[in-house]
Amino acid sequence: MKAIRLFVLQLLLALPVSAVFAQAAAQPRPTVTRAQVKAETLEAFRDGDFEVGDTGMKANEVTPNRYPKRPAPQGETRAQVRMELEAARRNGDLPVGDLGDTPRDIDPRSYPAQPAAPGLTRAQVKQETLAAIRAGDVQIGDSGRTLAQENPSRYAGAPAVPPKLHLRQKAKVAATSSSASASAH
């Protein structure tokens with residue numbers, strides 16, 4: 001009896017795993033020829049682009065003098081740097097003094113307006129605010145707590161609890177309900 005249960009349990013555990021392997025096998029894999037693998041391996045050894053031991057470092061990092069230097073990434077030309085510097089001066093984006101303030105920060109009227117980042121429309125903001133109020137995600141006062149935290153029964157999908165009425169309000173409600181029922185007869 002125990003052996004049957006164990007067999008069924010193993011079978012149930014093996015089915016999802018076999019489904020995953022079957023799905024992975026069904027996906028097309030890029031084919032790489034033996035010659036391509038050999039060429040990539042030789043290139044990695046030639047450039048020192050393989051890990052050495054358990055250090056996690058590559059051979060060209062451990063002993064850089066044994067491998068050819070990698071070409072430095074192409075930087076900007078002198079003319080490009082000068083153009084960027086001149087544009088930054090024109091726009092008031094170069095820091096001045098020890099505080100790092102830019103001329104644009106000091107006197108913004110003297111420089112062209114910067115394009116504003118795209119934001120939400122007024123209707124979108126209103127919609128998000130109303131959704132937050134409905135969900136109880138609005139903070140109350142300085143406590144940092146939200147409406148949902150203060151009144152969990154109102155925001156947990158439970159029916160709203162009627163507000164507690166003051167004695168004067170109760171009298172008004174009773175008077176209006178009694179006059180409404182008298183006029184109905």
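Here are the numbers:
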| read-out | value |
| --- | --- |
| Residue that is farthest from N151 (Cα to Cα) [pool: residues in region 93-135 that are of a type in the set (S, T, N, Q) and in a loop (DSSP other than H, G, I, E, B)] | T102 |
| Elements of type helices (runs of 4 or more DSSP H) in region 1-63, at least 2 residues being modelled with pLDDT under 75 | 2-26 |
| Single condition E61 does not satisfy, out of (1) surrounded by 12 or more Cβ atoms within 10 Å (Cβ to Cβ); (2) over 30 Å from F50 (Cα atoms); (3) of a type in the set (D, E, K, R) | (2) |
| Selected residue (criterion: modelled with the highest pLDDT) from residues of region 65-124 that are within 30 Å of G48 (Cβ to Cβ) and surrounded by 11 or more Cβ atoms within 10 Å (Cβ to Cβ) | Y67 |
| Subset of region 64-92 (residues that are among the acidic types (D, E) and assigned to a helix (DSSP H, G or I)) | E84, E86 |
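The values are calculated or read from the model by the stated rules, or taken from the named source; none is laboratory data. Computed from a predicted structure; not experimentally measured. Cβ coordinates were reconstructed from backbone atoms using ideal geometry, including for glycine residues, and neighbour counts include every protein chain displayed.
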